[in-house]
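In what follows, a single structure is set out as structure tokens and then discussed.
Only the coordinates and a few stated rules stand behind these numbers; no lab work does. What you see is a predicted model, and the numbers here were worked out from it, not measured in a lab. Cβ sites come from the backbone with ideal geometry, for glycine too, and all protein chains shown count toward neighbours.
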Amino acid sequence: MSSNAVAGLNKRWLPTIAILLGLVIVGSVFTELWTRKLWFDSLGMPVVFDVQLLTQVLLFVTFFALMALVVGLNMWLAFRARPLARRTGQSAILDRYRDLFELNPWLSIGVPAVAMGVIAGLSASGDPLVWLAWWNRTPFGNADPYFGLDASFYVFDYPVYTQLLAFGMGAVFFGAIAALLVHFAVGGIVTGRGRTRGVDGRAARLHLSILAGILLALYGVQQLLDRYGMLVSQGSLFTGMQYTDDHARLTAKLVIAIIAFICAGLFFANGFLKRWTLPMVGLILMLASGLILGLIYPAIVQSFTVKPNEPDKESTYIQANIDATRKAFDIADAKVTDYAAVVKVSPGQLKEDAEALPGIRLIDPAVVSSSFDQLQQVKGYYSFPDALDVDRYQLDGRETDVVVAARELDLSRVDQNWNNLHTVYTHGNGLVAAYGNRRSAGGDPVWIEHDLPSTGQLGDYEGRIYFGEESHNFAIVGREPGQAPIELDTPAGGANGSEAYNTYTGTGGVPIGNFFTRMLYAAKFADLNIILSDRVGSASRILYDRTPKQRVAEVAPWLTLDSNIYPAVVSGRLVWIVDGYTTSATYPNSQLESLRDSTTDASSALTGRQVDEQVNYLRNSVKAVVDASDGSVSLYAWNEADPILQTYMKAFPGTVQPRSAISADLLMHLRYPEDLFKVQRQVLARYHMTNPASWFQGSDLWQVPADPAQSGGSTGNGQSSPASTGVAEPPYYLSIKWPNDTSAVFSQTAVFVPYARSNLSAYLSVISEATSPDYGKMRVLRMSGTVQVDGPGQTFNAMTNDPRFAELLRSYLNQGSAEAKYGNLLTLPMGSGLLYVMPIYTTRTGSVGSYPVLRFVAARFGDQVGIGETLQEALDKVFAGDAGANTGEQPTTDPTTSPTTSPTTGPTSSPTGTPSAQPTSTPTGGGPVDQAGAQAAMQRADTAFQAAETALKSGDLAEYQRQVELAKKAVEEALVKLGKK
């Protein structure tokens, strides 16, 4: 094919290809925008979409127009000022460019101007929240100690002003570059031999001098603004103003700004002169002064004035940083009390704290997930999270700590075809809840809410989970009247015990009954089945962006969300509760902290890591609730005094409900959020010191200890191993009674050790019960400097190295058939000292379907260690046979868990994974001994246990329970024949 033919073909097809490409881009943008609008409409929050879109459009248009105008105008002025005498022959390329300009000046100028405008517009419209916050800013009511400006200037104004200055300098710079290129291309700039009669370059000199002057003036303004930036930038000691900043850099930036303005004036004047010497000398002077005043002079002040006297010179600045940091992280009211902890034990020592003992949580939510899986999974396509949650419910007339988890779908365990993934397996079902302080006779959790359909003490509620933490695929639900349901609802409940099916009748999701909407979603998800499937009809709805955190993040993009959300039954609905934070990285003089680093501990690997973001202001301003069935999102103002919350409530009116709208039922389940507490404990590790001298010296610096349970925790040989992984110990939710308080209260607790040491230095708690008038009250017990109290690592080692510990565990760990797994090491202020409590679980190794069972409880007070099958037994061993209070533990028989024999006979073989023990011939109950009968009964028990394990694997919970009951009766018969009962 000839080159002419190729050229002709290109001329015909290139416009067509360009048009098609344009249509695809426009169609993609329209699809994304329209489906987003439909999604927000379905939640009843169109204002969030509308305000953001309008702001983005305005920002794009404004900055596009400004950049395009600056670049285009300067190119036009340069072209307009081209010399009349045309210079030719010097360069073929330059001649070609001038020809292009002269033939089509508007296209030559318009294309680069529009391109630069698009880049600027896209960049500016990428973060509309900064501009919305600035436009709706709310004063904080407190001024910084150096300039007297309200904190709102730094939080809302300063980020916008820095963006505006950066844009202005960028626009002028690119305008100057474009003008320079045009001047050169059209012959407006001549040098050496290229000089042509009638071409003196005066117009180009005037044009470029003015642009250089404007750029220098903007640079001067930037230097003035940077003076305020010192209050939000990281210094050598902390974030905020320091001595060298105040006494050297502030003055230096002022002088540099003045010099920049003088240089700008020189460049303006140069436009009417014919010499570049004066402005260039001024520019060199400015650069030299910037080097001397901006770098060398501050370094001299720092080295020769500050360093030799740093504690004294920095004292007032440290104090300002301490005050601002404690205020910004809401720890200013944390009450630190010196605590002379008793380390000696005596009988009856816990009498004064009797009320708190029954509330000690023994069920570790980070350990028992597999127990929930094996006992309450029902079918293999259901699952529970790796780390469960702790909540509060009113049970038996009192508030009780409860371990909870939602039974969600695990779609990786079903056949991977389109109908299964999007129309059949659409929802999980039910909340599973267990007492936090009880266990069954076999060491299993004692259920409050269990089975499927859910039964228990939580009453009737809508428990279908169409929106959950594991809901990552889109689902298409809803059927026309008369059509058979196709959504799998429960594994049983249908005819003859077959699966039961359901048709979604909720209001969640986007209706896709019309063909146009289906086409949009087919394009959005690149899935033609949305159009082709007969299961998609006029009554269909599409559910997507289904995880609670996704939904809250979309409707409240100005919030940072807690990494751990939790389910609760509230007013007959299963909901997800999400804590939302308002943050800033520009609060004046407050210390910058990394959210990710501050919240990373032993639990974050299970619950998810926080965003990698630097903050120096943090408030839990919003409690969000996501309905698990219809996906609706409710936002409640929790910290109504927060200026950032007030700002965004003005920006997105009607999206956040007042705190008074929170129902009493919901309020009972709200708690102090984990990530906020983690950040606060990280800040308190240093900022509990309010004296500048102590702060500087670090004489009482604390740190969060490593988690003892992460030491490998489980060993198959009965040998304990020390906790030395360096993974921080997580805070724990539990009910504690503070010294001198009259009653126990639901709290979040943590401990500190001295920096690089292992003994305990402080105990921290915050009242987490939202119904309490003292909610959020933070208290610290600082250990005495004269008596050492062992920290978690030392206590863990003392427990696991105790001879009685190894003796009791030996029968469970013999021959490597089982392993021990250590639960949370809880610390409680009791008996005028500190009590440590740790549950110990056992699991059969290499056994399919095995799960951890709570076998023992270890306790320590002072240097006394006790271990027993119950908390009461462990405490009595610690306190010389009399703890002085009763834990309230009672023998518990739960029909869904396995029985166990008494300590005398040892453990029985069961699906819990504990090894078998042979019956003894030594009677303890005084009755006649029938060895043969006992052996036959134990064989029947073993057969029943094996049948129970088989039923559990197949998901037949009813058969599993029946076989467990048979096994239990056989074990009891064996005990009777052995004279044990």
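Translational diffusion of segment 550-686, estimated by Stokes-Einstein from the Kirkwood radius over alpha carbon pairs at 10 °C in a medium of 1.306 mPa s, is 102 µm² per second.
For segment 507-625, the fraction of C-alpha pairs more than 19 angstrom apart is 62%. Each principal axis of the chain carries a Cα extent, and these read 131, 79, 54 Å when sorted largest first. Working from label points 7 Å from Cα in the Cα-to-Cβ sense, the D774 to I486 distance is 5.8 nm.
Gain in length, A936 to E965, computed as 0.36 nm per residue apart minus the alpha-carbon separation, to one decimal in nm?
Working: separation 29, 0.36 × 29 = 10.44 nm, distance 1.68 nm.
Full-extension gain reported as 8.8 nm.
Put simply, the C-alpha atoms of segment 367-546 give a gyration tensor, and the ellipsoid matching it has half-axes of 35, 16, 15 Å, longest first.
Fewest neighbouring Cβ atoms within 10 Å first, the residues H472, H207 line up as H472, H207. Cβ-to-Cβ counts within 10 Å put F64, F525, F467 in ascending order as F525, F64, F467, the fewest first.
Sorting 508-514, 411-417, 770-776, 820-826 by their mean Cβ neighbour count within 10 Å, with the most densely packed peptide first, gives 820-826, 508-514, 770-776, 411-417. Per-residue ellipticity at 222 nm from helix content only, as computed over the chain with -39500 (n - 2.57) for each DSSP H run of at least four residues, stands at -12500 deg cm²/dmol. With 0.36 nm allotted per residue and the present C-alpha distance subtracted, the S832-T316 stretch has 181.9 nm of extension available.
Shown in residue order for segment 42-52 are the 3J(HN,Hα) couplings computed by the Karplus curve 6.51 cos²θ - 1.76 cosθ + 1.60 at θ = phi - 60°: 5, 8, x, 10, x, 4, 5, 5, 4, 5, 5 Hz (x for Gly and Pro). Computing Rg and the Kirkwood Rh from the Cα coordinates of segment 201-313 gives a ratio, Rg/Rh, of 1.13. Note the angle between two axes, namely the Cα long axis of helix 931-954 and the longest principal axis of the Cα atoms of the chain, as a number of degrees from 0 to 90, rounded to the nearest 10. Tilt relative to the chain: about 20 degrees. Filter the cross-link list K549/K777; K877/K969; K253/K307; K777/K877; K737/K821 down to pairs whose alpha-carbon distance in this structure exceeds 30 Å. Beyond 30 Å: K877/K969; K777/K877.
Hey, what did the chain get for relative contact order, percent, Cα under 8 Å, at least 6 apart?
Contact order relative to length: 12 percent.
Our summary gives segment 201-313 a relative contact order of 33 percent, counting only alpha carbon pairs under 8 angstrom and 6 or more residues apart. Phi-derived couplings, Karplus 6.51 cos²θ - 1.76 cosθ + 1.60 at θ = phi - 60°, listed residue by residue for segment 149-160: 8, 4, 4, 5, 4, 6, 6, 10, 7, 4, x, 6 Hz, with x used for Gly and Pro.
Applying a threshold of 22 Å to the alpha-carbon distances of K524/K623; K623/K678; K623/K650 flags K524/K623 as lying beyond it. For V51 and T455, the FRET efficiency from 1/(1 + (r/R0)^6), where r spans their Cβ atoms and R0 equals 51 Å, is about 0.65. Between segment 264-303 and segment 107-152, the C-alpha centres lie 29 angstrom from each other.
Tell me, in nm to one decimal, what length is gained between A693 and F272 on full extension, where the rule is 0.36 nm per residue of separation less the Cα-Cα distance?
Full extension from A693 to F272 adds 145.6 nm.
By the beta-carbon count within 10 Å of each Cβ, the least crowded to most crowded order of D707, D246, fewest first, is D246, D707.
Here the 3J(HN,Hα) profile of segment 377-383, calculated from phi with Karplus coefficients 6.51, -1.76 and 1.60 at θ = phi - 60°, is 5, 6, 10, x, 8, 9, 8 Hz, Gly and Pro shown as x.
The modelled label-to-label distance for the pair L20/L73, using points 7 Å beyond Cα in the direction of Cβ, is 4.2 nm. Shape descriptor for segment 95-250: Rg over Rh equals 1.14 (Cα atoms; Rh from the Kirkwood inverse mean 1/r).
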